[in-house]
Amino acid sequence: MKLNEELIRSTFDMMVKYRPALNKYLIVDEDEDEDDEVDYRILGDLIIKNFPWPIGVELRRLFSGSMRQLDRHRLDQIFKTIERIMQFISFTMLAQVWDDVESKKIEAPKSLTNDFEKRFSVLSMGTYSWIIRMLGKTYKEQGQEWFMTEMGENFDKKFFESLDFWIPERNEIGHYQINLTSEDIEKRCVEYEKKLAVILQKMAFVVKYKLISIRDIHVEKDRIQKDPQFLHIVNLLNSGDSDFKSKEMKNNLYTDSKSVLLLKSLKNIDVFLNLSPLIIDTNTEVLDTTDKFDIKKDIFMYTKYRSGHLMYIGTEVTEKCDLRSLSNYSILVNEYESMVKTIVS
């Protein structure tokens, strides 16, 4: 198989398990062309579109034409993809823990609360792995179900070990602490692609869920209507590019303004997991003052908290951005501090 094809095929096959409708892309009409084969470009594009945007955009880079050589650029992108996967998983876990501790559905273990505030203030791959393993064990021991229910079954000891593998590799190779020959890099590209495939297969269930951002919420009620309805204008963050599709969703209940939500289904917006302030969308920000001109429109991931300030990293934007001039920045800081206080208390 050519570069990426084994990774794409094994991941897509597992996606079909959770979304059987995707199986149609694996069907080849042998009557039309004996040499007809599955188009891996289409499968790769579908993987990108069906995974949540923060992961999908890294896979888009990995599958791109500029990453077709077994070189340092490809090796670095594999590391970036793994790190973004771990970041997204740990953020979804923490978002639920925040809710569940607050509603007293679970009790955060001392092994988490004692070190959480310090370790989570500056993120690393080791911190992501620690959070995923710690919370996976906690929910299993306390018999609590995850929002993405498949995590309970798929995130087992072997999965945790597959994540732990990357930490020393990232520290040495990813941060250029050792010199690699061209031959070493080629071998690692092949080896790491296979290990990445294992992780993607284990979390292929995420294609069942939808990531959205709330652009606006309008209240609708006429004179005769007894109860109001809430019109949510949202962006769909499962996409092959950053030109996100917009959708209107009407419901008797309202969600949280200017937030990034994980849904079980687009048919039911009142069942959601709010991932903000860990994941935010700046696309709705109006750049109406000069101090906002440095803000980039993107989906941002939390990366650091220091002296009352939150710092984020873009998913498509690669340069550093200061987001302190966001109109809802103080709300994001308050939410972050509330989350930490809830978890450690």
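The values are calculated or read from the model by the stated rules, or taken from the named source; none is laboratory data. Note that this is a predicted model, so its numbers are computed, not measured. A quick note on method: Cβ atoms are made from the backbone with ideal geometry, for glycine too, and the neighbour counts reach across all protein chains shown.
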Condition met for SER327 (in contact with a helix residue (DSSP H, G or I) (Cβ under 9 Å, 6 or more places away or on another chain) and surrounded by fewer than 16 Cβ atoms within 10 Å (Cβ to Cβ)): yes
List the residue pairs whose Cβ atoms are under 7 Å apart, where the first residue sits in segment 299-327 and is closer than 19 Å to PHE244 by Cβ, the second is of a type in the set (Gly, Ala, Ser) and assigned to a loop (DSSP other than H, G, I, E, B), and the two are 6 or more positions apart or on different chains. GLU316/SER242
I'd like the residue in segment 38-70 that is charged (D, E, K, R) and modelled with pLDDT under 95 and, out of all such residues, is farthest from GLU186 (Cα to Cα). ASP39
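So how many residues does segment 100-119 have that are within 20 Å of LEU275 (Cβ to Cβ) and out of contact with any helix residue (DSSP H, G or I) (no Cβ under 9 Å at 6 or more places or on another chain)? Before you say what the answer is, go through the steps one by one.
Let us first name the residues in segment 100-119 that are within 20 Å of LEU275 (Cβ to Cβ), namely 100-103, 105-106, 108, 112, 116-117, 119.
Now restrict to residues that are out of contact with any helix residue (DSSP H, G or I) (no Cβ under 9 Å at 6 or more places or on another chain): 103.
Qualifying residue count, segment 100-119: 1.
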ILE279, sole failed condition from (1) among the β-branched types (Val, Ile, Thr); (2) free of Cβ contacts under 8 Å to residues at least 24 places away in the same chain; (3) out of contact with any Cys (no Cβ under 9 Å at 6 or more places or on another chain): (2)
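Counting only residues that are of a type in the set (Phe, Trp, Tyr) and assigned to a helix (DSSP H, G or I), which one in segment 169-228 is farthest from ILE269 (Cα to Cα)? Full working, then the answer.
If we filter segment 169-228 for residues that are of a type in the set (Phe, Trp, Tyr), which is where we start, we get 176, 192, 205, 209.
When the remaining residues are screened for being assigned to a helix (DSSP H, G or I), the result is 192, 205.
Working: TYR192: 38, PHE205: 19 Å.
Among those that are of a type in the set (Phe, Trp, Tyr) and assigned to a helix (DSSP H, G or I), it is TYR192.
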Looking only at segment 105-122, and only at residues there that are more than 24 Å from the chain's Cα centre (by Cα) and part of a helix (DSSP H, G or I), the one that is surrounded by the most Cβ atoms within 10 Å (Cβ to Cβ): SER111
Exactly one of VAL271, VAL198, VAL234, VAL219 is in the same structural domain as ARG60 (by TED's automatic domain parsing), of a type in the set (Val, Ile, Thr) and without any contact (Cβ under 8 Å) to a residue 40 or more places away in the chain, and that one is VAL198
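Please count how many residues of segment 135-152 are within 19 Å of the chain's Cα centre (by Cα) and assigned to a helix (DSSP H, G or I). Full working, then the answer.
At the first step, the residues of segment 135-152 found to be within 19 Å of the chain's Cα centre (by Cα) are 135-136, 146-152.
Now restrict to residues that are assigned to a helix (DSSP H, G or I): 135-136, 150-152.
Final tally of qualifying residues: 5.
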Condition (residue is exposed (fewer than 14 other Cβ atoms within 10 Å of the Cβ), in contact with a strand residue (DSSP E or B) (Cβ under 7 Å, 6 or more places away or on another chain), polar (S, T, N, Q) and in a loop (DSSP other than H, G, I, E, B)) applied to segment 249-256: is it met by at least one residue? yes
